[in-house]
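Input: a single structure, listed below in structure tokens.
The values are calculated or read from the model by the stated rules, or taken from the named source; none is laboratory data. None of these values were measured; they are calculated from a predicted model. So basically every Cβ, Gly included, is an ideal-geometry build from the backbone, and we count neighbours across all protein chains shown.
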Amino acid sequence: MSKNLVGVNQYEEIDKILKKHDMNKHNLVGILADVQALSPEHYITKEQAQYISDKLGIFLSNVYDTITFYAALSDKPKGKYVIQVCNGPCCKVMKYERIKAAIEKELKVGVGEITPDGMFSFEYSSCFGACDISPAVRIGEKVYGNLNETKIVDIIRNYRGGTWEKL
């Protein structure tokens, strides 16, 4: 297995998670979320998916179907902070493209990419219910709205400088 999980024996960590979820294949989403939470890169490796598949007695394709269906799960590494730009109808009307362009310029990455330092991932998101403050982005669990190019650049720089908690 890769360095993805924190700790010496990743299989032991996954076994603890499986036990917590009663080794029940119907708890697959929770199992995968818990395994992903252990990863500093916020994703589930192929080896981890295979191990879970074997332990639960389900097809690997079922595990991958679940990972790829739920936006909160990933089979690809992500940055420390995941910036999600809403591309729902309200944000489109409010010209979310300007926010997207400002993020791309500031981070020097495109949608679906990770900054070279691993600090930020940049991706689209379907509507996350911030229509009243569109255009909006979500960074982790925090939503920022009523954005313009200057505001989003300031927010990103605050995260980079470690002062995001004050926002």
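Please verify whether the range 123-138 includes one or more residues that are over 17 Å from residue 90 (Cβ atoms), hydrophobic (A, V, I, L, M, F, W, C) and in the same structural domain as residue 92 (by TED's automatic domain parsing). Show your work before the answer.
Kept after step one, since they are over 17 Å from residue 90 (Cβ atoms), are these residues of the range 123-138: 123.
Checking the rest, the ones that are also hydrophobic (A, V, I, L, M, F, W, C) come to none.
Checked against the condition, which is being over 17 Å from residue 90 (Cβ atoms), hydrophobic (A, V, I, L, M, F, W, C) and in the same structural domain as residue 92 (by TED's automatic domain parsing), the range 123-138 yields no hits at all.
Based on what the data block shows, is residue 108 at pLDDT 95 or above, within 16 Å of residue 139 (Cβ to Cβ) and either in the same structural domain as residue 142 (by TED's automatic domain parsing) or surrounded by 14 or more Cβ atoms within 10 Å (Cβ to Cβ) (or both)? First the steps, then the outcome.
Numbers: at pLDDT 95 or above: yes; within 16 Å of residue 139 (Cβ to Cβ): no; either in the same structural domain as residue 142 (by TED's automatic domain parsing) or surrounded by 14 or more Cβ atoms within 10 Å (Cβ to Cβ) (or both): yes.
So residue 108 does not fit the description; no.
Farther than 30 Å from residue 52 by Cα and either in contact (Cβ under 8 Å) with a residue 12 or more places away in the chain or assigned to a loop (DSSP other than H, G, I, E, B) (or both): is that true of residue 73 in this structure? Please lay out each step first, then the result.
On the way: farther than 30 Å from residue 52 by Cα: no; either in contact (Cβ under 8 Å) with a residue 12 or more places away in the chain or assigned to a loop (DSSP other than H, G, I, E, B) (or both): yes.
Spelling it out, it is not the case that residue 73 is farther than 30 Å from residue 52 by Cα and either in contact (Cβ under 8 Å) with a residue 12 or more places away in the chain or assigned to a loop (DSSP other than H, G, I, E, B) (or both).
On the basis of being hydrophobic (A, V, I, L, M, F, W, C), under 27 Å from residue 141 (Cβ atoms) and in the same structural domain as residue 157 (by TED's automatic domain parsing), does residue 85 make the cut?
Values: hydrophobic (A, V, I, L, M, F, W, C): yes; under 27 Å from residue 141 (Cβ atoms): yes; in the same structural domain as residue 157 (by TED's automatic domain parsing): yes.
Criteria met by residue 85.
I need a count of the residues in the range 74-97 that are surrounded by fewer than 16 Cβ atoms within 10 Å (Cβ to Cβ) and more than 21 Å from residue 45 (Cβ to Cβ). Spell out the reasoning first.
Of all residues in the range 74-97, those surrounded by fewer than 16 Cβ atoms within 10 Å (Cβ to Cβ) come to 76, 89, 92-93, 95, 97.
From what is left, the residues that are more than 21 Å from residue 45 (Cβ to Cβ) are 89, 92-93, 95, 97.
The qualifying residues number 5.
Please go through the range 76-85 and give me each residue that is closer than 18 Å to residue 48 by Cα and within 8 Å of the chain's Cα centre (by Cα), ordered by number. Outline the logic, then answer.
Here is the first cut: in the range 76-85, the residues closer than 18 Å to residue 48 by Cα are 76-78.
Result: 78, single match.
State whether one or more residues within the range 87-94 are within 17 Å of the chain's Cα centre (by Cα) and under 29 Å from residue 144 (Cα atoms). Please lay out each step first, then the result.
Keep residues of the range 87-94 that are within 17 Å of the chain's Cα centre (by Cα), which gives 87.
Subset that is under 29 Å from residue 144 (Cα atoms): 87.
Scanning the range 87-94, I find at least one residue that is within 17 Å of the chain's Cα centre (by Cα) and under 29 Å from residue 144 (Cα atoms), so the answer is yes.
Conditions (1) assigned to a strand (DSSP E or B); (2) at pLDDT 95 or above; (3) under 24 Å from residue 36 (Cα atoms), marked per residue:
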| residue | (1), (2), (3) |
| --- | --- |
| 83 | yes, yes, yes |
| 128 | no, no, yes |
| 143 | yes, yes, yes |
| 150 | no, yes, no |
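Scan the range 49-61 and tell me whether some residue there is within 30 Å of residue 155 (Cα to Cα) and assigned to a helix (DSSP H, G or I).
Step one: of the range 49-61, the residues within 30 Å of residue 155 (Cα to Cα) are none.
Looking for residues that are within 30 Å of residue 155 (Cα to Cα) and assigned to a helix (DSSP H, G or I), one finds none in the range 49-61, hence no.
Based on this model, can you work out whether residue 158 counts as exposed (fewer than 13 other Cβ atoms within 10 Å of the Cβ) and of a type in the set (S, T, N, Q)? Show your work before the answer.
Values: exposed (fewer than 13 other Cβ atoms within 10 Å of the Cβ): no; of a type in the set (S, T, N, Q): yes.
Criteria not met by residue 158.
When the residues of the range 40-65 are filtered to those that are polar (S, T, N, Q) and surrounded by 20 or more Cβ atoms within 10 Å (Cβ to Cβ), which remaining residue is nearest to residue 111 (Cα to Cα)? Lay out the reasoning, then the answer.
Filtering the range 40-65 down to residues polar (S, T, N, Q) leaves 45, 48, 50, 53, 61-62.
Filter once more, so that each one left must be surrounded by 20 or more Cβ atoms within 10 Å (Cβ to Cβ): 45, 48.
On the way: 45: 21, 48: 26 Å.
Per the stated criteria, the residue is 45.
Kindly provide the set of residues from the range 58-100 that are more than 17 Å from residue 120 (Cα to Cα) and acidic (Asp, Glu), ordered by number.
65, 97
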